Amino acid sequence: MAFVAYSASTTALLPFNRIFSGGMGKKWNRLSPGYSARLRAGPSALSRTSSFSSAAAGKAGGAPPLPQLSEAEKTLPIYTWPHKKKPRVCILGGGFGGLYTALRLESLLWPEDKKPQVLLVDQSERFVFKPMLYELLTGEVDEWEIAPRFSELLANTGVEFLQDRVKLLHPFDHWGMNGHKQSSCGGTVLLESGLLIEYDWLVLALGAEAKLDVVPGALEFALPFSTLEDACRVDEKLKTLERTKFGKDSFIRVAVVGCGYSGVELAATISERLQDRGIVQAINVESTICPTAPPGNREAALKVLSSRKVQLLLGYFVRCIQRVSDVEASGDATVIREGKDIAKHNSEKYVLELQPAEKGLESQNLEADLVLWTVGSKPLLPALEPCDKPHELPLNARGQAETDETLRVKGHPRIFALGDSASLRDSTGKLLPATAQVAFQQADFAGWNLWAAINHRPLLPFRFQNLGEMMTLGRNDAAISPSFADGLTLEGPIGHAARKLAYLIRLPTEEHRFKVGLSWFAKSAVDSVALLQSTLTKVLSGT
């Protein structure tokens, strides 16, 4: 999971001086039977009404009248905004893009009658600082430090929070209605709980979910690593394996599929945790790890992986994943690992069939106690369009919304998209990667451009500033390649300390940064005392 280094000299290039970086997004699913969402509406209440207040406003600038609610929609509970006349901004997704857009809107100066009401919707009760999920596996951080509740982060702001999932989007702005106060409704959002939200401005920051359905068996047997829930499942699985195999001669075998940033960081972290008790094998279809990373980061990662005896299987793709018990039941005698038939019946073990992606390599099969999947992701916007009105949002082949350079969705002047939900190209025409570094910077511009649009001011074109990249390689190891110093890479304990400081600065609110800073300082002091005691003990025992 890549994250960028910070350069104070670049702050003048952005709308305001909080520049962030990193990688990953939120999981959003379609409605499932029996789902019961927990809602926190704050001072806003839910009410039932038969029509929207703006639906009867008639035409705006010669445009067709606003769509009327269907009979089914008239029975839905409708979210009641605190103020009838102030602009209503609905932000879908509480990841890096969504939360920081909300905080950016809160930090700007507004005319009293135009300060928007902001509603943030997310399926989780917690914001997750995803680049530090790896530290949960090593015990270096506590859950509250990198996954604070939205209620705590937004307690001293005017931003309201709803914990719910998004089911359908129904934009109106493509009809041509773009801004008379009497008919400013931009559309509606239907949540899985049945709550209907009418908005004036919409921000799409829904992120993406792991793409596990491309390989047979991956969906059933592999674990992704992109959410807090994923990290907790992996940690619990490792604890179970550690207890089961404690004191035994057998190794804990972990297969990591993918050697991009996330795969390499996972392999380095888990190999350090397991040490001599485990074998970590990392599989990548390309012939190198982290192919898009700066050379310094890649070399530092290779050095660490080699020192921890991580086995790299480069130039292979996974054809399928099966349980060992299923292979035995089928009587498949061709499944061989290290020249030995897999004979031990254990439903918790898995077989990965590898096929070569390059000439000169032979097919092989691996056995693993745990399979981690870090390859591919898919945006969730296509699942949110009405089945009778598909493609109301212009989507690219990956399912991302096509935006102009101001982050507005093409053909929808009242909808902004960012992060994994957006498809945007840089000045050279290259598609920007769906990383948290991009999402952080886009949140700055989205907040500013919402202010400009509401106040009838010119919008700013988004310009991505690559500030560099950094990655974790274990409890006291990391690699940082800042963009302002070509060829410079900070690694080892120095890189680890610099990375942690950079993350502390980028936590969402001053209050949370202060609490986490105190916690990390206290842990560092305890570790230093323990190290001093250990050193003294060795010295005294030696004398």
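Using the alpha carbon gyration tensor of the stretch 393-543, what are the three equivalent-ellipsoid semi-axes (square root of 5 times each eigenvalue), largest first, in whole Å? Working shown, then result.
On the way: eigenvalues 388, 65, 31 Å².
Equivalent ellipsoid semi-axes, largest first: 44, 18, 12 Å.
The listed peptides 264-275, 477-488, 232-243, ordered by packing as a protection proxy, come out as 264-275, 477-488, 232-243 (highest mean of other Cβ atoms within 10 Å first). Below 12 angstrom from the Cβ of ASP142, what's the summed charge of the other residues (Lys, Arg +1; Asp, Glu -1)? It works out to a net charge of -2. Which shape class, rounded, prolate or oblate, goes with the stretch 80-133 when its Cα gyration tensor gives a ≥ b ≥ c as root eigenvalues, a/c under 1.5 marks rounded, and past that a/b bigger than b/c marks prolate? In terms of gyration-tensor shape, oblate.
Sorting HIS496, HIS83 on solvent-accessible area from highest to lowest, probe radius 1.4 Å, gives HIS83, HIS496. Sorted on the mean count of surrounding Cβ atoms within 10 Å across their residues, most packed first, peptides 102-110, 87-95, 432-440 read 87-95, 432-440, 102-110.
Amide H to amide H distances under 5 Å link ILE279 with ILE252, ARG253, VAL254, where only residues 5 or more positions off or on other chains count and H is placed in the peptide plane.
Give, as a single signed number, the net charge of other residues whose beta carbon lies under 11 Å from the beta carbon of PRO294, with Lys and Arg counted +1 and Asp and Glu -1.
Working: positive: ARG298; negative: GLU299, GLU469, ASP486.
Local charge sum for PRO294: -2.
Calculated from the alpha-carbon coordinates, the stretch 455-543 shows an Rg and a Dmax of 19.6, 78 Å respectively. With the cut-off at 1.5 for a/c, could you classify the stretch 346-478 from its C-alpha gyration tensor as rounded, prolate or oblate? Prolate shape, in that a/c is at least 1.5 and a/b is the bigger ratio.
In the context of the full set of protein chains, the stretch 79-187 has a per residue accessible area of 34 Å² (1.4 Å probe). Exceedance of the 20 Å cut-off in Cα-Cα distance is limited, within the set LYS211/LYS349; LYS245/LYS349; LYS309/LYS500; LYS239/LYS303; LYS237/LYS349; LYS85/LYS167, to LYS211/LYS349; LYS309/LYS500; LYS239/LYS303; LYS85/LYS167.
The values are calculated or read from the model by the stated rules, or taken from the named source; none is laboratory data. This one's a predicted model, so the numbers in the text were calculated from it and none came from an experiment. Every residue, glycine among them, receives a Cβ derived from its backbone with ideal geometry; neighbour counts consider all protein chains shown. We work out accessible area using only protein heavy atoms, side chains counted, and drop any ligands, DNA or RNA first. Shrake-Rupley method; radii C 1.70, N 1.55, O 1.52, S 1.80 Å.
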